[in-house]
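Asks: Just passing along the structure, written as structure tokens.
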Amino acid sequence: MSTPATSPIRRAVNRVGRLLPRGWRDFWLQFAIFWSFYVAYEGSRTLAQSDRYVAMRNALDVVRAQQVLGIDWERGVQVWAMNAPGIVMTIANWTYFNCQFTITYALLLFIYFRRNHAFYFIRNALLATSFAALLGYVLLPTAPPRMLGGLGYVDTLRETSVNHNTSVVQWFANPYAAMPSLHTAYAVIIGCAGVLVFAHPVLRAIWALYPALVVFSIIATANHWFLDATVGAFVALFALLFAFAVSRGRIPTLPHAPSAGKTAPPPTLGSDPLPQRA
């Protein structure tokens, strides 16, 4: 008679655990960190909503600031995209709704399972980015261009299956979370991650250009201002510097093959368990 320790289910769990980079304990720890933070972040972002008047006033301030700086290009970019072949707007719409979550978490899972040495560095950078962005939403609620239809902007996502009127999006999203652009901040970090963890030059080039595609998508769909994207990029830089400091000045690169019989020690919470370079 089989005991619980030798049952087929237990053997299957142990077998899968051996495939995990650092075992079940670390896997569930990272899962809890990310999803607990994500739920708390989305909830607090909803609470950070300000009234429409303040958000619209701040948006107009952004417009005036961009005019002074000479970077009020949003309308021109959207007009060009809408008059281009249909594939251009299709890519822009798809990228906007998939870059922040689908692409980000897909690459994170790949890094965790296949480039685990870099996962903790990227994790720390993304968490720091989200904290910093939340401060911006609280201190400077800003309406996106799509809410200023009087200036000629069009919400290109209205006809898509998932849009800002979808119940799930309305439940979690803060409509006045334009400044800074978290799409841009995440894209910069994920783009850097792709460059760090892939060796093939074509893949590195794709990930290096990824932030530019995201910035194009958020502008073409009238969901962010150029100034939002600029501030978002600076937030990402701050977050990467934070992750660099937490990892004690080490940047994750493709590691040398480990010596036979040697394994890296398990990471501690908040640390960046990068292998020492030869």
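The values are calculated or read from the model by the stated rules, or taken from the named source; none is laboratory data. This is a predicted model, so every value here is computed, not measured. All Cβ positions, glycine included, derive from the backbone under ideal geometry; neighbour counts span all protein chains shown.
Asks: Please go through segment 135-155 and pick out each residue that is assigned to a helix (DSSP H, G or I) and either surrounded by fewer than 20 Cβ atoms within 10 Å (Cβ to Cβ) or of a type in the set (Val, Ile, Thr) (or both). Quick ask: steps written out before the conclusion?
Replies: Restricting attention to segment 135-155, the residues satisfying the condition of being assigned to a helix (DSSP H, G or I) are 135-139, 145-147, 149-151.
Selection gives 135, 138, 139, 149, 150, 151.
Asks: Going through segment 193-227 one residue at a time, which ones are part of a helix (DSSP H, G or I) and closer than 18 Å to residue 101 by Cβ?
Replies: 193, 194, 207, 210, 211, 213, 214, 215, 217, 218
Asks: So, one more: Of all residues in segment 26-53, how many are part of a helix (DSSP H, G or I) and either of a type in the set (S, T, N, Q) or at pLDDT 90 or above (or both)? Show your work before the answer.
Replies: Taking segment 26-53 first, the residues part of a helix (DSSP H, G or I) are 26-47, 52-53.
Filter once more, keeping what is either of a type in the set (S, T, N, Q) or at pLDDT 90 or above (or both): 30, 36, 44, 46.
Residues in segment 26-53 being part of a helix (DSSP H, G or I) and either of a type in the set (S, T, N, Q) or at pLDDT 90 or above (or both): 4 in total.
Asks: Which is at pLDDT 90 or above, over 22 Å from residue 184 (Cα atoms) and loosely packed, with under 12 Cβ neighbours inside 10 Å, of 76, 86, 70? Before you say what the answer is, go through the steps one by one.
Replies: Numbers: 76 fails: over 22 Å from residue 184 (Cα atoms); 70 fails: over 22 Å from residue 184 (Cα atoms).
The conditions single out 86.
Asks: State whether one or more residues within segment 200-222 are under 26 Å from residue 242 (Cβ atoms), touching a Pro at 6+ places or on another chain (Cβ under 8 Å) and at pLDDT 90 or above.
Replies: Checked against the condition, which is being under 26 Å from residue 242 (Cβ atoms), touching a Pro at 6+ places or on another chain (Cβ under 8 Å) and at pLDDT 90 or above, segment 200-222 yields no hits at all.
Asks: Just to be sure before I move on: is residue 121 under 19 Å from the mean Cα position of the chain (by Cα), closer than 22 Å to residue 238 by Cα and at pLDDT 90 or above in the structure I sent? Show your work before the answer.
Replies: Working: under 19 Å from the mean Cα position of the chain (by Cα): yes; closer than 22 Å to residue 238 by Cα: yes; at pLDDT 90 or above: yes.
Judged against the criteria, residue 121 is a match.
Asks: Please verify whether segment 243-262 includes one or more residues that are modelled with pLDDT of 70 or more, in a helix (DSSP H, G or I) and under 18 Å from the mean Cα position of the chain (by Cα).
Replies: There is at least one residue in segment 243-262 that is modelled with pLDDT of 70 or more, in a helix (DSSP H, G or I) and under 18 Å from the mean Cα position of the chain (by Cα).
Asks: Oh, and also: Which one of 106, 128 is among the hydrophobic types (A, V, I, L, M, F, W, C), more than 17 Å from residue 207 (Cβ to Cβ), in a helix (DSSP H, G or I) and within 14 Å of the chain's Cα centre (by Cα)?
Replies: Working: 106 fails: more than 17 Å from residue 207 (Cβ to Cβ).
Within the list 106, 128, the selection yields 128.
Asks: Let me ask something additional. Within segment 15-25, restricting attention to residues that are touching a Phe, Trp or Tyr at 6+ places or on another chain (Cβ under 9 Å) and part of a helix (DSSP H, G or I), which residue is nearest to residue 116 (Cα to Cα)?
Replies: 19
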